[in-house]
Structures are given as structure tokens and as C-alpha cells.
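Coordinate-derived values only; no laboratory data. Worth saying up front: this structure is predicted, and the values here are computed from it rather than measured. A quick note on method: Cβ atoms are made from the backbone with ideal geometry, for glycine too, and the neighbour counts reach across all protein chains shown.
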Amino acid sequence: MSSEEETIVRYDASERINHWIVAITFFLSSLSGLALFHPSLFFLTNLFGGGPWTRILHPWTGIVMVVAFVLMAKWMWRDNYLNDNDRRWLSQISDVIGNREEHLPPAGRYNAGQKILFWVLVASLALLLLSGIVMWYAYFALYFPLWVRQSAAAIHALAAFVLVEGIIVHIYASIWVKGSIHAMVGGKVTPAWARQHHPEWYREISEGKA
Amino acid sequence: MPLQSLDIAARSATTLPSPGIRRTEEVAKLIDISKCIGCKACQAACMEWNDLRDEVGFNFGSYQNPADLTPASWTLMRFYEVEPAGHLEWLIRKDGCMHCAEPGCLEACPSPGAIVKYSNGIVDFVEENCIGCGYCITGCPFNIPRISKQDDKAYKCTLCSDRVAVGLEPACIKACPTQALVFGSKEAMREHAADRVAELQERGFKNAGIYDPAGVGGTHVIYVLQHADQPELYELPKDPKISPVVKLWKGITKPLAMLALGASVLVGFLHYVDVGPNEVKHEKKASDRRDRT
């Protein structure tokens, strides 16, 4: 078996579709949210048919994103528990940034960076959902006292900032680590890819196969 | 709007100055609560001038009608039965937009030009630019703006900006039969209010005073209160200001966050240029290297 043939399934079709629904709704929500975040980005409302449409659509794309993310989080939850290797991985962050992957402790299905990103997403999306409901004037906002609405607005902006920063790191990592986007589109990776980036995961699935 | 297009002092969600070479005199509406008889002529005049008819509401056991400000009722007589000095007092306050010098609504609004403040101090909603998000309600320290269920736009008292622009007084002022409502320059109104306060104090209202809260930079609707030490009696906030949470939400944090997002993308790009892509190191090449050594 050549190590350059794509023989390992990293994400099955439902996982891939799930991921891309989250990704698309993230873009819709973040672009419409950024449009109202700062005046310099208000032009983004044009993508959604103007200011009122942006205001109408944003909560709904956000809700689809959260629901899709919950489904995704369900199947990847356990794979994201941090272990001792991950803690060592994080302490060697300079090797990560310097592209000296061979010095790093072996990563499982997800490396420590991916795991931390996952928990950042869980936390920020939970805050965005709760604060977003409080801010939703069409249905819910007026059930809450003013100070709660004000706090929700600040929390929503802060959590959105953290989420967008997290996704910038996520997208960059997928561009940087060649083969990652391919894996999330086609689903398969080569054994060499798995061995290099996720050695512990590669060991588990090879043993499972044998 | 066109009449006032050259005297815009502030405009929502706008980072550069708006057309503002023309400076107009700051105006104010003075509401002297001690002279108000609760006749609601101001409410009727407001409806008439703005050509708005609210739905017929319900009686909840008070003269107050409608029960609250609405998208079609921009001013409202509020009736309070209180006993601040051991005996019953019937306080009647005309509620509506205070036209703050530092408007929380304008600070919070994300839609460029949906809220403007003219150099005469009037804070006006421009409904055609309103996106209906409700942030103005979140930003307002006085709970004034209301969003219409009919068109999802925010409405409130305009201080008759259309009338004031052509030298007329607001409709409510014109209708008031007791001169509890007076309109003029902010300076003149403060002087008039001070005279009234002195009179009231002479008559025994020791705590009479002017309500022109400094926390929002002063307002362009000011009150003479019999009990200025207890604005809560009239359901007025004691020290209104734009909430620090709103400041955090809308202030310097936003440009800083924008900068951080841009910087992150740039750092990513530079990192890629620095260390290059993280590719799979093929075994074949590794053995090639061994062969060569």
C-alpha cells in the first residue's frame, strides 16, 4: 500500500456536509454581523439586500449555524478532550509556529490547537446564542430589562470578535497545512498525511484495521 | 431634512464629520411641571401636527392614556399619585424624548444617518435609514424610542424639527394653555426655569429645581420639578448617562477590534511567507536525501 494514495477516510459525507453548513452560515452571520459592528463595514449590508434585510436575516443564519454546530460538536466532542500530549504540544508552541512538526508530541485525531479552537467555538457560540436572543427586538428583547439588553449587546460583540478571530486562525491553519481543505471537501487523506499530522490517530486506525 | 442639511452636529454610524458649517442657536423646551394641569392638549397637538392616530387603548385606572409611549404617541402625560411630604400630591409629567446633548440612541445606532443631531440640539430619527434593530432603545437612558410593528421603524418626538427649522415653536408648546410648556433658546429657557424655581422655593417647595441632567451633557427638554431632589417621584432617572456597558459596546473597543481582526489576517499571511506551507514530507524524498549523504 503506497502511503501517497488516499486510503484513509477522515470525514465521512455527513460530517463534511455538516461542517460546510456551519461554514456557510458562519460566513452569512459574520458578514451580516460585521456590517452592523462598525460603520466602515456597513456596506456589507448590500450583500443581504440592505440594512433591514441584514437585520432580519442575521438572527436566523445565526440559529442555523448554532444548530448545525451542535450536531457537529456531538460527534467530535470526545475527540477534543485535552490530554498530557496536548499540554506538551502547547508548551512547544514555538515548534508549531516554526513548522518543526517532527519535534512535537504525537497528536490524536485533533491536535491541541484544534481542540482549543473547538472549545473556544463552543463557548463563543453559546454566548452568541444567549445574548443574541436577548437582542432580538422582533421577538424577545422587550421581555428583558434594559441592563440585561445592554450587557447582551456588549457580550454579543465580544463573543463575535472571539469567534471571528478563532475562525481566522482556523482558516489560516487549513491553508497552511496542505491537504486539510482537501480532507474536508473530499473526505480522504493519505497515510503519510495522517502519520505526519496526527500520528496518534494514525496508530489507532491502523491498529483498528489490523 | 433638506432645510437642516447644513447644520448636522452628529450623525449615527458615521466616522467623519457631517455637513455642519452652519451653526444654529441651541434650543430647548421647558416643561414646568408645577404649572401643568394635565389637560393633554400637548398630546392632542402632537397627534394633530404629526398626523398620527394611536389605537384606542384601555383604561387601567388612571387618567394616563395611552398607557405608555408608542410609535404613534410621541408624548404622554404621566400621572403619579405620591406622598413625598406626608400629604397626597398629584404629579403630572409630560414624557417624551429629552433630546440629549450626548444621545445614547445615536451612539448605539449602527445605521449611517438613521439618527442625526442638529446643531440646535434636536435629535431626530430619519426613518428611511432605520433598519429596525432596536439598538436606539438599548442605548437610550430614558426609555423613549418605540419600534412600530407596522413598519419595523423606530419613532419618537422630533421636537417638531420641521416646525423649528422654519422658525415655529413645537406643536405641543403652541397648544399648552397654562404656559407650562415654553420654547426658546436653551439659555433663555434655563433663565426662565431659574426664575420659576426661585418662585417655587419662595412658596415652600424647598427642593424645587431644574432637571437638565449633566450625565448626558444636558438635555434640550428640561423640567422644572417641585421635588428636584427626588426625580424618581416622576419616574425620571436620578443621574441618567449613557451606560458604561453601551460605551464599552460602541466606544473605542470597536476600532480596536477591527484593527485586531485585520492584524490577525496580516500575521497569518506573513507567517506563511516566513515558514512556507506545511506539506507532507514524503518518505521517498527522505530516502533520496539519505542516498545522497
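How large is the Kirkwood hydrodynamic radius of the range A:71-188, in angstrom, based on all distinct alpha carbon pairs?
16.5 Å is the Kirkwood radius here.
Counting pairs of alpha carbon atoms under 8 Å apart in space and at least six apart in sequence, what relative contact order in percent does chain B give?
Relative contact order, chain B: 22 percent.
Set the bar at 18 Å for Cα to Cα. Now go through B:94/B:156; B:35/B:174; B:29/B:247; B:94/B:174; B:35/B:94 and name every pair that lies beyond it.
B:29/B:247
Please give every one of the aspartates and glutamates within straight-line cross-link reach of residue B:238, meaning a C-alpha to C-alpha distance under 15 Å, and leave out same-chain neighbours fewer than 8 residues apart.
B:212, B:229
Could you order peptides B:8-16, B:127-135, B:227-235, B:271-279 by the average number of other Cβ atoms within 10 Å of their residues, highest first?
The most tightly packed comes first, giving B:127-135, B:8-16, B:227-235, B:271-279.
Would you please state the base-10 log of I(q)/I(0) at q = 0.12, 0.19, 0.20, 0.23 1/Å for the range B:167-244, with intensities from the Debye formula using one equal scatterer on every alpha carbon?
Ignoring solvent entirely, the Cα scatterers give -0.38, -0.91, -0.99, -1.19.
For the Cα atoms of chain B, what angle does the longest principal axis make with the long axis of helix B:41-50, in degrees from 0 to 90, nearest 10?
50
Tell me the angle of helix B:186-202 to the major Cα principal axis of chain B, expressed in degrees between 0 and 90 and rounded to the nearest ten.
Tilt of helix B:186-202: around 50 degrees.
Return P(r) of the range A:134-210 (all Cα-Cα pairs; 10 Å bins starting at 0; whole %; ordered from short to long distances).
Whole-percent P(r) values from 0 Å outward: 16, 26, 18, 16, 17, 7, 0.
In vacuo Debye scattering of the range B:61-103, one point per C-alpha: log10 I(q)/I(0) at q = 0.18, 0.26, 0.32 Å⁻¹?
Results for the range B:61-103 at q = 0.18, 0.26, 0.32 Å⁻¹ read -0.64, -0.91, -1.09.
Scan chain A and hand back the longest stretch that contains none of the chymotrypsin sites (Phe, Trp or Tyr not before Pro) lying in DSSP loops with at most 13 other Cβ atoms within 10 Å.
Counting at most 13 other Cβ atoms within 10 Å as exposed, the longest clean stretch of chain A is A:1-76.
Could you tally the net charge around residue A:112, taking each other residue with its Cβ under 14 Å from the Cβ of residue A:112, Lys/Arg +1 and Asp/Glu -1?
-2
So what is the orientation-averaged projected area of the range A:8-47, using the convex hull of its C-alpha atoms, in nm²?
3.5
Which length gain, in nm to one decimal place, applies between residue B:37 and residue B:191 when the Cα-Cα distance is subtracted from 0.36 nm times their residue separation?
So the extension gain works out to 53.2 nm.
Which of B:106, B:52, B:248 moves most in a GNM of chain B, Cα contacts under 10 Å?
Taking springs between Cα atoms under 10 Å, the residue moving most is B:248.
Between residue B:206 and residue B:235, what FRET efficiency comes out of the Förster formula 1/(1 + (r/R0)^6) with R0 = 22 Å and r the beta carbon distance, rounded to 0.05?
Here the calculated transfer efficiency is 0.50.
Among the trypsin sites (Lys or Arg not before Pro) within the range A:63-165, which fall in a DSSP loop and have no more than 12 other Cβ atoms within 10 Å of their own Cβ?
Here the sparse-neighbourhood loop sites are A:100.
Between 0 and 90 degrees, rounded to the nearest ten: what's the tilt of helix B:283-292 against the longest Cα principal axis of chain B?
50
Find the centroid of the Cα atoms in the range B:259-275 and in the range B:107-147, then give the distance between the two in whole Å.
The distance from the Cα centre of the range B:259-275 to that of the range B:107-147 comes to 37 Å.
Mind checking B:108-114 for the average number of partner chain beta-carbons within 10 Å of each residue's beta-carbon?
Mean partner-chain Cβ count within 10 Å for B:108-114: 4.
At 7 Å along Cα-to-Cβ for each site, give me the label-to-label distance between residue B:198 and residue B:150 in nm.
4.7
Taking every alpha carbon pair in chain B, what does the distance histogram look like in 10 angstrom bins from 0, in percent?
For chain B, the binned pair fractions read 6, 24, 30, 18, 7, 4, 4, 3, 2, 2, 0 percent.
With contacts defined as alpha carbon pairs under 8 Å and 6 or more residues apart, what's the relative contact order of the range B:135-224 in percent?
In percent, rounded to a whole number, it is 13.
Based on the Cβ-Cβ distance from residue B:82 to residue A:46, what FRET efficiency comes out when R0 is 41 Å, to the nearest 0.05?
Rounded to the nearest 0.05, the efficiency is 0.20.
So what is the 222 nm mean residue ellipticity for the protein assembly as shown from helices alone, if each DSSP H run of at least 4 adds -39500 (n - 2.57) and you divide by all residues, rounding to the nearest 500 deg cm²/dmol?
-14500 deg cm²/dmol, from helical runs alone.
Go through the range B:21-99 and name the GluC sites (Glu not before Pro) that are in a DSSP coil and have 11 or fewer other Cβ atoms within 10 Å of their Cβ.
Answer in residue order: B:55.
Working only with C-alpha atoms, what are the Rg and Dmax values of the range A:30-136, expressed in angstrom?
18.4, 52
Which FRET efficiency value, to the nearest 0.05, do you get for residue A:144 and residue A:94 by plugging their Cβ-Cβ distance into 1/(1 + (r/R0)^6) with R0 = 56 Å?
The value I calculate is 0.75.
With only alpha-carbon atoms in the gyration tensor, what are the semi-axes of the equivalent ellipsoid for chain A, in Å, largest first?
37, 18, 16
Over the protein assembly as shown, what number does the Rg to Rh ratio reach, with both radii from the alpha-carbon atoms and Rh per Kirkwood?
1.14
Evaluate peptide A:156-162: per residue, the Cβ atoms of other protein chains within 10 Å of its Cβ; return the mean as an integer.
Taking all residues of A:156-162 together, the mean is 3.
Take every residue in peptide B:59-70, count the Cβ atoms of other chains within 10 Å of its Cβ, and give the average of those counts.
Taking the mean over all residues of the peptide, I get 0.
Pairs of alpha-carbon atoms within less than 8 angstrom and 6+ residues apart define the contacts here; what relative contact order does chain A have, in percent?
The value is 31 percent.
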